[in-house]
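Worksheet: the structure to be examined is printed underneath.
The values are calculated or read from the model by the stated rules, or taken from the named source; none is laboratory data. None of these values were measured; they are calculated from a predicted model. Cβ placement follows ideal geometry from the backbone for every residue including glycine, while neighbour counts extend to all protein chains displayed. Quick note on the areas: whole protein, heavy atoms, side chains included, nothing else; ligands and nucleic acids left out. Shrake-Rupley method; radii C 1.70, N 1.55, O 1.52, S 1.80 Å.
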Amino acid sequence: MQISTTVTELVFRLAAMSDAAAIEALVNSGYRGDASRKGWTTEADLLGGTRINLQEVKDLMAAKDSVILLCLQNAEIIGCVLLQHEDASVYLGMFVVQPTLQANGIGRQLMHAAEDLVKTRWRAEKIWMTVITLRTELIAYYVRRGYQKTGTFKPFPPEIAQAFATVDNLQFEVLEKNLSYE
């Protein structure tokens, strides 16, 4: 007996303002609360509350040199990533795949699409991100994708830590990847 499986093609597109509520729900489900525990990228053991609100999503989308790339499957938004151009580099943040779909290669494809967009849209020399230092498995994931630890650390916003942190000493490590143009 042969078992056939159908892999649904992923579609990538830039977000529109009409996507803001879906982005807010996706990001919050991927990082905080019980829904996030269905995936491996959860911050629920480190932080409570919500990761982002609707107005913050809209503000990021409206900002100059800022876009959110969406990943869709069967017309449903299942992933997103924020890209913000700054000088010769691009900040990558808010990278999330729907928790129940994580560990299926979708994140790798979304990351590749984001890097391609950065190269074609801004021709940036590097892409960088910040990751909570306690998220060693997430840092390892990005290192496997070609990002390097820089040894640079940034403080966690004190107002967020005071309101939502469930552990002490949260901080970010900066990871970066030099982009090649072949």
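A few remarks follow.
- Accessible surface area normalised per residue over the range 47-158 is 48 Å², counting heavy atoms of protein chains with a 1.4 Å rolling probe.
- Taking a sphere under 12 Å around the Cβ of Gln148 and counting the other residues whose Cβ falls inside, with K and R at +1 and D and E at -1, yields a net charge of +3.
- Longest exposed-site-free window of the chain, the sites being trypsin sites (Lys or Arg not before Pro) in a DSSP loop that have at most 12 other C-beta atoms within 10 Å: 124-182
- Computed over all pairs of different Cα atoms, the Kirkwood value for the hydrodynamic radius of the range 107-173 is 13.7 Å.
- The range 40-111, Rg to Rh (Cα coordinates; Rh as Kirkwood inverse mean 1/r): 0.98
- Environment charge at Val167 (Cβ cut-off 11 Å; Lys +1, Arg +1, Asp -1, Glu -1): -3
- Using θ = phi - 60° and Karplus 6.51 cos²θ - 1.76 cosθ + 1.60, couplings along the range 89-94 (whole Hz; Gly, Pro as x): 9, 10, 7, 10, x, 6
- Long-range amide H partners of Ala165 with built H, under 5 Å: Gly48
- Translational diffusion coefficient (Stokes-Einstein; Kirkwood radius from C-alpha pairs) of the chain at 4 °C, 1.567 mPa s, in µm²/s: 76
- Carbon and sulfur %, accessible surface of the chain computed with the full protein complex present, 1.4 Å: 50
- Estimated distance in nm for a label pair at Thr8 and Ala103, the labels positioned 7 Å out from Cα along Cα-to-Cβ: 2.1
- Computed from backbone phi, the HN-Hα couplings of the range 162-174 come to 5, 7, 10, 5, 10, 9, 8, 6, 6, 8, 9, 10, 8 Hz, rounded to whole numbers (Karplus: 6.51 cos²θ - 1.76 cosθ + 1.60, θ = phi - 60°; Gly and Pro given as x).
- Built amide H within the under 5 Å cut-off of Ile78, gap 5+: Cys71, Leu72, Gln73
- Rounded to the nearest 20 debye, the dipole magnitude of the chain is 300 debye, with +1 charges on Lys and Arg beta carbons, -1 on Asp and Glu beta carbons, and the Cα centre as origin.
- Residues with amide H under 5 Å from that of Phe95, placed H, sequence gap 5 or more: Leu82
- Pairs of Cα atoms nearer than 8 Å and 6+ residues apart set the relative contact order; for the range 88-166 it is 35 percent.
- Take the Cα of Glu86, go 7 Å toward its beta carbon, and the backbone nitrogen atoms of the range 159-174 under 17 Å from that spot belong to 171-174.
- Scattering curve values for the range 71-139, log₁₀ I(q)/I(0), Debye with Cα scatterers, q = 0.16, 0.17, 0.26 Å⁻¹: -0.60, -0.67, -1.21
- For the range 1-129, relative contact order (Cα pairs under 8 Å, six or more residues apart, normalised by length) works out to 25 percent.
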